[in-house]
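Chemist: Quick one: this structure, given as structure tokens, is what I'll be asking you about.
The values are calculated or read from the model by the stated rules, or taken from the named source; none is laboratory data. This is a predicted model, so every value here is computed, not measured. Please note: Cβ atoms are built from the backbone with ideal geometry, for glycine as well, and neighbour counts cover all protein chains shown. SASA here: full protein model, heavy atoms, side chains in, ligands and nucleic acids out. Shrake-Rupley method; radii C 1.70, N 1.55, O 1.52, S 1.80 Å.
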Amino acid sequence: MKKEVPLAITFISGLLLVLALFIPHKPFGNLEEIFNDWFIIVSGFTLLLGIDSLLGYNFHKIKRKDKDAPFALILILSFFITLAWGIIEILRTPEHNPFSPSSTFSLYFYNYIFIPLQSTMFAILSFFIASAAYRAFRAKEINSALLLVSAVLVMLGRVPLGQDAAPYVISVIFLIFAVYFYAESTGITETRTKLIYILVALIFVALIYPLGWVYFKKHIPEFADWLMNIPQMAGKRGIMIGIALGGIAMSIRIILGIERTYMK
Amino acid sequence: MKLILLLFLGQVAPVEVRAFDTPYDAGGSITIIWEMDTAWVAKVSRIGIFRASAPGLQDSLIETLYKPDSVYVDNSAKDNVPYYYRIVVYSDDTLIAEGKTASAAVSTQQWFNGKRLSVLIILIIYTVFLLYFIMRARTNKNLYIRKIAGLEAIDEAVGRSTEMGRPIVYIMGLGYISDIPTVASLAILKRVAYKAAEYNAEVVVPCYDPIVMVAAQETVKEGFVEAGRPDLYKESDIYYLTSDQFGYAAGVDGIMMRQKPGAVFLQGYFYAESLILAETGHSIGAIQISGTTAVTQLPFFIASTDYTLIGEEMYAASAYLSRDALSLGTIKGEDYIKMILVVVILIGALMESAGIRILTDFFSIF
């Protein structure tokens, strides 16, 4: 019974919600809304579980005199100060809810503590994007090289001075590729391969003017948009279709009780 | 010209008004449409919609529109009650057009949403495919599934972390238990816990949601029990952190910087915090295995982590890891339906290019 009851509840709930997608008539039509309301009510109570876990974990750290104990102490103090502050506000001005967004307490806490902390964390992201991009764009192999070229073109197409800078940037990139292929060719003994490498290097040099100074100088924003709207979108949609199908398969596994990892 | 003439003559133009039960809805709604003369559009300042429940009764204003719309959905209608509508069109304060419905409109509830017929057909075909492959899996246990590098690397990551004497940090993202990626993540967590118990390693799971925390505690416990080491299970290692996005990112970053885990798993649904977490994991030299269905976060994971489960690979994880024949059957069915969809998409693209819109219209559900 310990397994059968949750499985039966899952099966019935899952099936009802699938039916609700196709039947607008009551009681099916608003079933999703009702289930969501129930979920919100239940999840509201589970916050107590979270608080219990958080405080228990941090009290335990202090008790053990863990090296992280000072952080645990700050967390516990912050928790109780916030709670006490709210209760005092209720006692002093019972007509005002201290936790409503317009109360002095909430505004002070939100504007001077919460927002700056959040902004700080979010700001770190810009540095992490730079470091991750540096690693991803190292042209070690053909895929990374393509990624680098695409990223440069999209960046040039989307920044204000990109159109003016495009010919210079593209000239430099093409020259780097030309030098790379020429340098590689010097170490090759087989005549045919060597000639191919030299030819590729020459093609890069030859493309600098028509591509960089004629085409991209005029059309880099359109090209960046094309890159984002056609090849990028095609790949993205492929992944999204896979995710949708995988999601349906997973849901069917859950409804039929094949997938049971969520329960004991 | 027509409008100027009518205004000059002091006459009001007739408007053809139709009202009907809004199709495919749960009742309580009537759609009113009227034909707006293109010459008037620029002149219209407001449109008044009046409603009466009987032809002879005095009607009352139910809505005023301040732009030249030609459709209004009355969501205040009661089911099975006849309504008569009247539209009055003003140019400034001058009445320029008026029209009434000829017959009563009655709102009713529908038993089938016809707009979603295409979804139903696909769902039925898909379910039939899945059930067929589940049945086939019962007889043929050796279904082939291609290797998924990210899942193959789980054992290696846990082993490496154990050798280094460091804990394993498992991050389930910002998803709730109702999100499928979170359920998929639990399956991977079970495998990680199982391996960690075998190697006597510590698994730390900081959670964003209390319900997910409870589910994670049960999953890790089960992993330890299945590995035959329930004594090693520590409930206090799976704890709630916060339900604030960047608070959670800061907390997990702090845990990673202080505890220096040997392996970091980022499995679940992530938002902007994905890169903050993955780059911190990279900076401490941990082997990282990520997986998400958030398409916008996938490039960050691919750039920052060692292995990434891309979208559906995450959903396939439980079947792949458990090697359960029934689950593998659903993966197989999914692959076949994907092939069919690719063909349908190709045909649709060709038909659309040729100006034939049958498929496009069939799949338009809104």
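Chemist: Determine the relative contact order of region B:2-106: mean sequence separation of Cα pairs under 8 Å and six or more apart, normalised by residue count, in whole percent.
Modeler: 35
Chemist: Also, I was wondering about something else. What is the magnitude of the charge dipole of chain A about its Cα centre, with +1 placed on the Cβ of each Lys and Arg, -1 on the Cβ of each Asp and Glu, and no other charges, expressed in debye to the nearest 20? List each step's numbers first, then the result.
Modeler: Values: 22 positive and 16 negative charges, 151 e Å.
Charge dipole of chain A: 720 debye, to the nearest 20.
Chemist: In region A:138-255, carbon and sulfur make up what percent of the accessible area (probe 1.4 Å)? Mind showing how you got there, number by number?
Modeler: On the way: 5190 of 7290 Å².
Roughly 71 percent, rounded to a whole number.
Chemist: Averaged over peptide A:123-133, how many Cβ atoms belonging to another chain are found within 10 Å of each residue's Cβ?
Modeler: Numbers: counts 0, 8, 9, 1, 3, 12, 5, 1, 6, 11, 3.
Across A:123-133, the average partner-chain Cβ count within 10 Å equals 5.
Chemist: If we sort A:241-251, A:158-168, B:348-358 on the protection proxy, mean other Cβ atoms within 10 Å, highest first, what's the order? Could the numbers behind the result be given before it?
Modeler: Numbers: A:241-251: 21.1, A:158-168: 14.5, B:348-358: 11.3.
In decreasing order of mean packing, A:241-251, A:158-168, B:348-358 become A:241-251, A:158-168, B:348-358.
Chemist: In Å², nearest 100, what accessible area do chains B and A bury in total when the solvent probe is 1.4 Å?
Modeler: That pair hides around 5500 Å² of surface in total.
Chemist: With helices defined as uninterrupted DSSP H runs, which ones in chain A have an alpha carbon span along their own long axis of at least 18 Å and mean Kyte-Doolittle hydropathy of at least 0.5? Walk me through the numbers on the way to the answer.
Modeler: Numbers: long enough: A:4-22 (28 Å, 2.23); A:31-63 (48 Å, 0.70); A:69-92 (34 Å, 1.97); A:115-136 (31 Å, 1.20); A:142-158 (24 Å, 1.86); A:162-186 (35 Å, 1.07); A:191-207 (24 Å, 1.91); A:233-255 (32 Å, 1.33).
Result, helices passing both filters: A:4-22, A:31-63, A:69-92, A:115-136, A:142-158, A:162-186, A:191-207, A:233-255.
Chemist: How many partner chain Cβ atoms sit within 10 Å of a residue's Cβ in peptide B:133-140, on average, as a whole number?
Modeler: 1
Chemist: Still on this model: For B:95, B:309, A:175, write out the residues from largest to smallest accessible area, computed with a 1.4 angstrom probe and no ligands counted.
Modeler: A:175, B:95, B:309
Chemist: Where in region B:15-53 is the amide nitrogen less than 15 Å from a point lying 7 Å along the Cα-to-Cβ axis of residue B:95?
Modeler: B:15, B:46-51
Chemist: Rank by packing, highest mean first: peptides B:294-305, A:73-84, with packing defined as the count of other Cβ atoms within 10 Å averaged across residues. Don't jump to the answer; show the numbers that get you there.
Modeler: Numbers: B:294-305: 20.8, A:73-84: 12.7.
Highest to lowest by the protection proxy: B:294-305, A:73-84.
Chemist: Using amide H atoms built in the peptide plane, which far-off residues or other-chain residues are under 5 Å from residue B:46 H to H?
Modeler: Residues meeting the amide H criterion: B:90, B:92.
Chemist: Pop out a list of residues from region A:36-50 that are at least 50 Å² less accessible with all the protein chains around than in their chain alone; 1.4 Å probe, no ligands or nucleic acids counted.
Modeler: Buried by the other chains: A:39.
Chemist: How high is the relative contact order of chain B, in percent, counting Cα pairs under 8 Å that sit 6 or more residues apart? Kindly include the intermediate steps, with their values, before the conclusion.
Modeler: Details: 678 pairs, mean separation 56.3, N = 366.
Dividing the mean separation by the residue count of chain B yields 15 percent.
Chemist: So, one more: Which residues of region A:239-257 end up with at least 30 Å² less accessible area in the presence of all protein chains than when their chain stands alone, using a 1.4 Å probe?
Modeler: A:239, A:241, A:242, A:243, A:245, A:246, A:248, A:249, A:250, A:252, A:253
Chemist: Out of the chymotrypsin sites (Phe, Trp or Tyr not before Pro) in region B:87-167, which ones are loop residues according to DSSP with at most 12 other C-beta atoms within 10 Å?
Modeler: Those that pass, being in a loop and sparsely packed, are B:111, B:144.
Chemist: About its Cα centre, how strong a charge dipole does chain B have in debye, to the nearest 20, once Lys and Arg get +1 and Asp and Glu get -1 at the Cβ?
Modeler: On the way: 30 positive and 39 negative charges, 150 e Å.
Result for chain B is approximately 720 debye, rounded to the nearest 20.
Chemist: Using a 1.4 Å probe and ignoring any ligands, DNA or RNA, find the accessible area of residue B:70 and quote it in Å² to the nearest 10.
Modeler: Roughly 50 Å² of residue B:70 is accessible to a 1.4 Å probe.
Chemist: If packing is taken as the average number of other Cβ atoms within 10 Å across a peptide's residues, how do B:82-88, A:114-120 rank, most packed first?
Modeler: B:82-88, A:114-120
Chemist: Continuing with this model, one more query. Per residue, what accessible area does region B:142-264 have, given a 1.4 Å probe and all protein chains present, in Å²?
Modeler: About 35 Å² of surface per residue is accessible.
Chemist: Let me ask something else about it. Each label point is 7 Å from the Cα along the Cα-to-Cβ direction; what then is the distance between the points at residue A:209 and residue A:32, in nm?
Modeler: With each label placed 7 Å out from Cα toward Cβ, I get 6.0 nm.
Chemist: Over chain A, what is the relative contact order in whole percent, taking alpha-carbon pairs under 8 Å and six or more residues apart?
Modeler: Contact order relative to length: 16 percent.
Chemist: Rounded to the nearest 0.05, what FRET efficiency do residue B:112 and residue A:49 have when you use their Cβ-Cβ distance and R0 = 51 Å?
Modeler: 0.80
Chemist: With both bridge residues required to lie in chain B, what share of the DSSP beta bridges run antiparallel, to the nearest 5%?
Modeler: Once the DSSP bridges in chain B are tallied, antiparallel ones form about 55 percent.
Chemist: With +1 on each Lys and Arg Cβ and -1 on each Asp and Glu Cβ, and nothing else charged, work out how big the dipole of region A:4-92 is about its Cα centre, in Debye to the nearest 20.
Modeler: 540
Chemist: Could I ask something else about it? Can you give me the long-range amide H partners of residue B:168? Hydrogens built in the peptide plane at 1.01 Å from N, cutoff under 5 Å, separation of 5 or more residues or another chain.
Modeler: Excluding prolines and chain starts, which carry no amide H, the hits are B:202, B:203, B:204.
Chemist: Still on this model: Counting only other chains, and only Cβ atoms inside 10 Å, what mean value do you get across the residues of B:100-109?
Modeler: Mean shielding by partner chains, rounded to a whole number: 1.
Chemist: Sorted by accessible area with a 1.4 angstrom probe, largest first, how do A:33, B:152, B:313, B:98 fall? Don't jump to the answer; show the numbers that get you there.
Modeler: Working: A:33 125, B:152 85, B:313 30, B:98 65 Å².
Putting A:33, B:152, B:313, B:98 in descending order of accessible area: A:33, B:152, B:98, B:313.
Chemist: Also: Placing +1 on the Cβ of each Lys and Arg and -1 on the Cβ of each Asp and Glu in the protein assembly as shown, which of A:171, A:1, B:243 has its Cα farthest towards the positive end of the resulting dipole?
Modeler: Working it through, the farthest residue towards the positive pole turns out to be A:171.
Chemist: Still on this structure, I have one more. Whose amide H sits under 5 Å from the amide H of residue A:259, counting only residues 5 or more places off or on another chain, with H placed in the peptide plane?
Modeler: A:254
Chemist: Per residue, how much accessible surface does region A:165-231 expose to a 1.4 Å probe? Answer in Å², no decimals.
Modeler: 66
Chemist: Accessible area of region B:99-179 with a 1.4 Å probe: how many percent of it is carbon plus sulfur?
Modeler: 59
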